[in-house]
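> Can you keep this structure in mind? I'll have questions shortly.
The values are calculated or read from the model by the stated rules, or taken from the named source; none is laboratory data. Just so we're clear, the structure is a prediction, and the values are computed from it rather than from any experiment. As a convention, Cβ positions derive from the backbone with ideal geometry for all residues, glycine included, and neighbour counts pool all protein chains shown. Areas reflect the complete protein model, heavy atoms only, side chains present, ligands, DNA and RNA absent. Shrake-Rupley method; radii C 1.70, N 1.55, O 1.52, S 1.80 Å.
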Amino acid sequence: MRKDVRILLVGEPKVGKTSLIMSLVTEEFPDVVPYRAEEITIPADVTPERVPTHIVDYSEAEQTDEQLFQEITKANVICIVYSVNNKNSIEKVTSHWIPLINDNTDKDSRVPLILVGNKSDLVEHSSMETILPIMNKYTEIETCVECSAKNLKNISELFYYAQKAVLHPTGPLYCPDLKLMKPSCLRALTRIFKVSDLDNDGILNDHELNIFQRTCFNTPLAAQALEDVKNVVRKNINDGVCDNGLTLNGFLFLHTLFIQRGRHETTWTVLRRFGYDDDLELHQDYLFPPLKIPPDCTTELNHNAYLFLQSVFDKHDKDRDCALSPEELKDLFDVFPYIPWGQDVNNTVCTNDQGWITYQGYLSQWTLTTYLDVQRCLEYLGYLGYSILAEQESQASGVTVTRDKKIDLQKRQTQRNVFRCNVFGASGSGKSGFLQAFLGRNMMRQRTINEEHKSYYAISTAYVYGQEKYLLLHEVFPDFDFLSDAELSCDVVCLIYDSSNPVSFEYCAKVFKQYFMDSKMPCMLVACKADLPEVKQQYAMTPLEFCRKHKMPPPQSYTCNTAAAPSRDIFIKLCTMAMYPHMSQTDLQSSTFWLKASVGATVFMVLGFAMYRAMLRSR
Ligand code: GDP
Ligand code: MG
């Protein structure tokens with residue numbers, strides 16, 4: 001919300017502007033006043049909305065037009081004062097003051113106006129009849145008020161309305177001409193409804209309404225109050241309440257009612273709580289909370305964030321098939337301003353037989369975004385309402401920044417859960433097939449992939465010693481003269497060659513010698529296309545000799561040309577090397593080591609799935 005409010009009073013001479021200000025400050029009517037009151041600042045704690053408020057007077061006798069224009073530009077709200085017993089001063093409101101103010105303010109950011117009829121003590125009748133047509137004609141007029149500086153009537157109200165007009169303007173919310181909520185306000189409230197509809201049944205039930213109420217106003221709603229609200233809606237529209245809960249229409253109706261009754265601060269409170277700014281856009285501070293990531297540290301989602309994302313998945317997996325159909329996915333992203341995932345995501349993570357992103361794949365994609373582009377992850381969590389629903393201070397509390405990798409290496413242990421493997425290899429050596437194989441896709445399945453939807457990343461889980469870890473594979477473009485730091489920094493390197501192509505290994509040897517020979521990076525050589533006849537590589541050494549010489553594990557043969565899903569052992573090996581970069585070559589060669597490392601895998605995979613199912617059933 002705004003830090004302070006600047007109120008300017010204008011109007012014809014002698015209508016009582018200076019007296020109004022003095023009456024407010026001294027709480028008594030001054031008999032003698034100067035032409036112009038000094039600018040006063042009311043401290044935050046004595047104003048109703050708790051923001052410091054500056055009140056600025058104007059006097060034609062003491063100020064030039066230039067000074068007046070400057071004050072108009074600086075003001076957040078302008079009170080046009082007239083005297084109820086002076087026709088001319090009323091007439092000047094439309095003939096002089098409103099046009100003058102409009103000429104001196106931006107069309108886009110017009111300041112709200114308040115019409116103030118002073119000296120109500122002098123007349124019996126009200127000036128409202130004359131004023132209402134003006135109110136209707138000029139949408140920038142927020143409200144009008146009749147008051148008297150002399151008997152102190154409506155003085156504090158006047159300044160309260162002025163404050164409110166700045167802090168909770170109706171302009172962005174409501175179109176008085178059409179008597180309808182504005183589209184951007186409808187959009188924001190619809191999103192808020194969807195975020196708050198935890199079970200996604202299109203109705204806010206009592207439980208959801210109570211959470212909503214607590215989030216926005218810090219107090220639960222009494223059972224009777226809840227019934228009263230629903231009754232008001234029931235009385236006015238027939239599709240506002242369904243199954244004893246509030247529908248979207250009911251929710252929107254309620255807010256229209258608040259606004260029409262001048263209680264638009266209620267709607268603003270809701271909008272602001274959900275991260276909207278004065279233009280009804282999600283605030284940058286809300287979407288991008290500060291998060292410091294020192295070099296050599298990576299970013300992961302924490303348990304809390306995974307639980308939240310799981311509940312979001314659950315909410316949208318309506319048919320309970322543990323995968324998101326295109327419609328379900330579209331519904332999930334309905335609270336986003338754009339669809340964040342392209343078709344390539346389907347080739348980055350695990351999908352089911354229909355090609356739909358599975359529960360596992362969905363969490364993997366979130367893990368990938370968090371790892372590669374944490375700002376985006378924060379933004380997306382913001383759209384889903386993470387900090388609000390999970391009652392966290394900001395989206396940033398869903399992210400763990402891991403400790404410096406150098407310390408991990410020193411201490412020979414790591415708390416990390418996501419490891420990156422960069423995959424190098426000459427073009428045509430089988431890198432993409434290798435990445436896709438990690439997602440459980442054999443060659444036949446891979447042939448169905450549209451080239452335009454290709455991904456250079458693949459992420460899934462691997463179980464190492466019974467712990468579930470994420471392994472992120474990245475296919476590096478083979479032109480290695482232009483390798484960026486990101487392409488060189490990872491936790492394990494995978495060098496791929498095509499064992500059926502005699503000039504394929506040379507590339508691996510070159511990359512290794514140029515970039516990794518002197519680094520401590522664990523490297524693994526993989527001989528792809530093992531289903532084809534092996535040929536001798538045209539290189540000074542055989543791949544096996546090369547590995548021995550450079551203390552690498554022996555070349556691993558691999559094929560994704562299988563009837564069923566390709567083998568996963570190699571990925572568990574890569575993940576293990578990434579987790580334990582210190583492991584000696586003898587360890588790596590011992591078969592019992594690999595056996596131990598992978599033994600948990602199947603057990604946990606089955607268990608994980610069963611647990612998820614059981615969880616769904618129990619709901
Ligand atoms: P300004 O030129 O708009 O700043 O008007 P002033 O505050 O100087 O007031 C002009 C005259 O109107 C003074 O004589 C005030 O005493 C008188 N006046 C101001 N407010 C009221 C009011 O509410 N009732 C009555 N009866 N007189 C008022
Ligand atoms: Mg004056």
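> Just to check your reading of the model, which residue among Asp491, Asp481 is charged (D, E, K, R) and out of contact with any helix residue (DSSP H, G or I) (no Cβ under 7 Å at 6 or more places or on another chain)? Spell out how you get there, then give the answer.
On the way: Asp491 fails: out of contact with any helix residue (DSSP H, G or I) (no Cβ under 7 Å at 6 or more places or on another chain).
The conditions single out Asp481.
> Sort out which residues of segment 51-66 are touching a residue at least 40 places away in the same chain (Cβ under 8 Å) and within 16 Å of ligand 2 (Cβ to nearest atom), and write them in order of number. Reasoning before the result, please.
Filtering segment 51-66 down to residues touching a residue at least 40 places away in the same chain (Cβ under 8 Å) leaves 51-61.
Selection gives Ile55, Val56, Asp57, Tyr58, Ser59, Glu60, Ala61.
> Turning to a different aspect of this structure: Pairs please, first residue from segment 13-28 and aliphatic (A, V, I, L, M), second anywhere and near ligand 1 (Cβ under 6 Å from one of its atoms), Cβ atoms under 7 Å, 6+ apart in sequence or on different chains.
Val15/Asn118; Leu20/Asn118; Leu20/Ala149; Met22/Val33
> For residues in segment 132-154 being part of a helix (DSSP H, G or I) and under 42 Å from the mean Cα position of the chain (by Cα), which is farthest from ligand 1 (Cβ to nearest atom)?
Kept after step one, since they are part of a helix (DSSP H, G or I), are these residues of segment 132-154: 132-137.
Okay, now just the ones that are also under 42 Å from the mean Cα position of the chain (by Cα), so 134-137.
Values: Ile134: 19, Met135: 21, Asn136: 26, Lys137: 24 Å.
Here the answer is Asn136.
> Kindly indicate whether Ser460 is in a strand (DSSP E or B) and among the small types (Gly, Ala, Ser).
yes
> Need pairs with beta-carbon distance below 6 Å; first residue among the charged types (D, E, K, R) and within segment 141-154, second more than 10 Å from ligand 1 (Cβ to nearest atom) and assigned to a loop (DSSP other than H, G, I, E, B); sequence gap 6+ or separate chains.
Note: pairs meeting the criteria are Glu142/Pro112.
> How about segment 1-56: which of its residues are among the polar types (S, T, N, Q) and either within 15 Å of ligand 1 (Cβ to nearest atom) or surrounded by 13 or more Cβ atoms within 10 Å (Cβ to Cβ) (or both)? Let's see the steps before the verdict.
If we filter segment 1-56 for residues that are among the polar types (S, T, N, Q), which is where we start, we get 18-19, 23, 26, 41, 47, 53.
Listed by number, the residues that qualify are Thr18, Ser19, Ser23, Thr26, Thr47, Thr53.
> Report yes if Asp314 is in a helix (DSSP H, G or I), open to solvent by 30 Å² or more (accessible area, probe 1.4 Å) and touching a residue at least 60 places away in the same chain (Cβ under 8 Å), otherwise no. Steps first, answer last, please.
Working: in a helix (DSSP H, G or I): yes; open to solvent by 30 Å² or more (accessible area, probe 1.4 Å): no; touching a residue at least 60 places away in the same chain (Cβ under 8 Å): yes.
Taking the combined requirement at face value, the residue does not satisfy it.
> Continuing with this model, one more query. Looking at (1) among the basic types (Lys, Arg); (2) over 16 Å from Ile101 (Cα atoms); (3) more than 14 Å from ligand 2 (Cβ to nearest atom), which is the only condition Lys74 fails?
All conditions pass for Lys74, except number (2).
> Residues to consider are Thr351, Thr414, Thr358; find the one that is more than 30 Å from Leu280 (Cβ to Cβ) and out of contact with any helix residue (DSSP H, G or I) (no Cβ under 8 Å at 6 or more places or on another chain).
Values: Thr351 fails: out of contact with any helix residue (DSSP H, G or I) (no Cβ under 8 Å at 6 or more places or on another chain); Thr414 fails: out of contact with any helix residue (DSSP H, G or I) (no Cβ under 8 Å at 6 or more places or on another chain).
So the residue among Thr351, Thr414, Thr358 that is more than 30 Å from Leu280 (Cβ to Cβ) and out of contact with any helix residue (DSSP H, G or I) (no Cβ under 8 Å at 6 or more places or on another chain) is Thr358.
> Going through segment 36-50 one residue at a time, which ones are within 14 Å of ligand 2 (Cβ to nearest atom) and under 22 Å from Glu146 (Cα atoms)?
Residues satisfying the conditions are Arg36, Ala37.
> Can you name the residue in segment 108-131 that is within 14 Å of ligand 1 (Cβ to nearest atom) and outside any helix (DSSP H, G or I) and, of all such residues, is nearest to Val5 (Cα to Cα)?
The initial filter retains those residues of segment 108-131 that are within 14 Å of ligand 1 (Cβ to nearest atom), namely 116-124, 127.
Now restrict to residues that are outside any helix (DSSP H, G or I): 116-119, 123-124, 127.
Values: Val116: 18, Gly117: 22, Asn118: 22, Lys119: 25, Val123: 32, Glu124: 34, Ser127: 28 Å.
Filtering segment 108-131 for residues that are within 14 Å of ligand 1 (Cβ to nearest atom) and outside any helix (DSSP H, G or I), the one nearest to Val5 (Cα to Cα) comes out as Val116.
> Does Pro13 satisfy the condition of being near ligand 2 (Cβ under 10 Å from one of its atoms) and of a type outside the set (Val, Ile, Thr)? So that I can check it myself, show each step before the final result.
Details: near ligand 2 (Cβ under 10 Å from one of its atoms): yes; of a type outside the set (Val, Ile, Thr): yes.
So Pro13 passes the test.
> Counting only residues that are over 26 Å from Asn417 (Cβ atoms) and open to solvent by 60 Å² or more (accessible area, probe 1.4 Å), give me the helices (runs of 4 or more DSSP H) lying completely in segment 492-579 with at least 1 of them.
Values: elements: 505-511, 543-549, 569-579.
By residue number, 505-511, 543-549.
> Only one of these conditions is not met by Val84: (1) under 48 Å from the mean Cα position of the chain (by Cα); (2) touching a residue at least 40 places away in the same chain (Cβ under 8 Å). Which number is it?
If we test Val84 against (1) under 48 Å from the mean Cα position of the chain (by Cα); (2) touching a residue at least 40 places away in the same chain (Cβ under 8 Å), just (1) comes out false.
> Which of the residues that make up segment 184-207 are more than 21 Å from the chain's Cα centre (by Cα) and of a type outside the set (S, T, N, Q)?
Restricting attention to segment 184-207, the residues satisfying the condition of being more than 21 Å from the chain's Cα centre (by Cα) are 201-207.
The answer is Asp201, Gly202, Ile203, Leu204, Asp206, His207.
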